[in-house]
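The values are calculated or read from the model by the stated rules, or taken from the named source; none is laboratory data. Nothing here was measured: the structure is a model prediction, and the numbers come from that model. Cβ: placed from backbone, ideal geometry, glycine included. Neighbour counts: every protein chain shown. The area values use the complete protein model at the heavy-atom level, side chains included, leaving out ligands, DNA and RNA. Shrake-Rupley method; radii C 1.70, N 1.55, O 1.52, S 1.80 Å.
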Amino acid sequence: MNKCDSCKSENRTNLFSIKKYKIVRCLDCNLVYTENPISLSEAKSYYENTYNGEESALNSCYGSGEHFRTKEVNLRLDKIGKVNSLLDIGCGLGFFIKMASNRGIKCVGVDISEKAVEYSTRQGLDVRYGDLLNLNFNRELFDTITLWASIEHLYYPKATLEKANKLLKPGGLVVVETGNIDSYQARLFRNKW
């Protein structure tokens with residue numbers, strides 16, 4: 001990705017590298033992105049190895065500790081307010097949508113890990129395999145669409161947010177959480193962050 005996904009500028013400055021991947025900041029709009037991201041097939045392979053079987057999935061860095069996040073999920077749902085339908089992009093093992101479903105919210109999740117989707121569907125969750133940009137939702141619309149620590153993993157964040165906006169009911173809400181590249185932790189740890 002040589003151009004900024006947000007403004008299409010080629011003006012950027014290098015922040016740091018993580019192995020062979022260059023993290024850069026657009027000098028025109030300040031978007032931080034990976035200049036040379038891994039391919040989609042490499043990403044899928046990485047997530048498949050992360051979610052290698054049910055026991056492995058629960059013990060992975062994505063699965064372990066989820067039960068301790070119950071309070072955090074409930075706080076998030078309380079802040080969002082009344083929701084009848086929710087789409088979670090990058091839902092992983094589906095913990096967030098499972099908690100939301102327990103509140104009576106109609107939930108759908110999306111993830112690029114086939115194993116995570118298999119695990120989630122065995123838990124009775126409506127989780128769909130693939131990238132949001134390639135999925136068809138027919139006439140489904142949602143009150144709320146969430147991206148919890150997933151937007152930074154997307155190849156086309158702008159197009160994803162545009163599609164999410166089209167999937168919202170009037171007055172709907174898109175909630176995005178991502179790391180802050182300008183935080184103390186990020187500045188301190190840089191490529192280890």
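Taking segment 158-193 as the search range and keeping residues that are of a type in the set (Ser, Thr, Tyr) and open to solvent by less than 90 Å² (accessible area, probe 1.4 Å), which one is farthest from the chain's Cα centre (by Cα)?
Only one residue tops the list, namely 183.
Test each condition in (1) of a type in the set (Phe, Trp, Tyr); (2) over 21 Å from residue 78 (Cα atoms); (3) surrounded by 15 or more Cβ atoms within 10 Å (Cβ to Cβ) for residue 142 and report the one that comes out false.
Of the numbered conditions (1) of a type in the set (Phe, Trp, Tyr); (2) over 21 Å from residue 78 (Cα atoms); (3) surrounded by 15 or more Cβ atoms within 10 Å (Cβ to Cβ), the odd one out for residue 142 is (2).
Looking only at segment 164-193, count every residue that is under 23 Å from residue 30 (Cβ atoms) and either in contact (Cβ under 8 Å) with a residue 12 or more places away in the chain or not in a loop (DSSP other than H, G, I, E, B) (or both) and tell me the total.
Counting residues in segment 164-193 that are under 23 Å from residue 30 (Cβ atoms) and either in contact (Cβ under 8 Å) with a residue 12 or more places away in the chain or not in a loop (DSSP other than H, G, I, E, B) (or both) gives 19.
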